[in-house]
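Here the structure is laid out as structure tokens; the discussion comes afterwards.
What follows draws every value from the coordinates through simple rules; no lab data is involved. Just so it is clear, the structure is predicted and the values come from calculations on it, not from any experiment. Note: ideal-geometry Cβ built from the backbone for every residue, glycine included; neighbour counts use all protein chains shown.
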């Protein structure tokens, strides 16, 4: 099952971190301003960073659900025909992987929504190395 998206996992990790930082900053901005205007003014470029992040939020990414995998010889692949069954390396009860650019980003349970497959996320993994603070 493939969902339409297209972006690297590294960019997604950056966007997730930026979004988290913006969420942390929002309550601080909503607090009453102190009388010292220099202390209450946000950094000059924070609006630009938020604007750039907002522009990237509509970028489409390609996500892939992986139910399992199987290594096969080329001769066996060429022998596949309608009705053939390929056994995968996962049990039905095991979670399904959600991949972005071939990297694991989440796991979950397969669900059916109005006749289409979906994924109920049960675990979200880190998208990249931790950012330096």
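How would 69, 116 line up from fewest to most surrounding beta-carbon atoms within 10 angstrom? Provide the component values of the computation, followed by the final result.
Details: 69 11, 116 8.
Fewest to most other Cβ atoms nearby, the residues stand as 116, 69.
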(message) Using Cβ contacts closer than 10 Å as the measure, can you line up 90, 70 from fewest to most?
(response) 70, 90
(message) For a Förster distance of 22 Å, can you work out the FRET efficiency between the beta-carbons of residue 14 and residue 126, rounded to the nearest 0.05?
(response) 0.95
(message) With 10 angstrom as the radius, rank 103, 24 by how many other C-beta atoms surround their C-beta, starting from the fewest.
(response) 24, 103
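Set the Förster radius R0 to 35 Å, insert the Cβ-Cβ distance between residue 57 and residue 93 as r into 1/(1 + (r/R0)^6), and round the FRET efficiency to 0.05.
So the FRET efficiency works out to roughly 0.50.
Calculated FRET efficiency, residue 74 and residue 104, Cβ-Cβ r, R0 30 Å, to nearest 0.05? Write out the running numbers ahead of the final one.
Details: r = 27 Å, r/R0 = 0.90.
With a Förster radius of 30 Å, E is 0.65.
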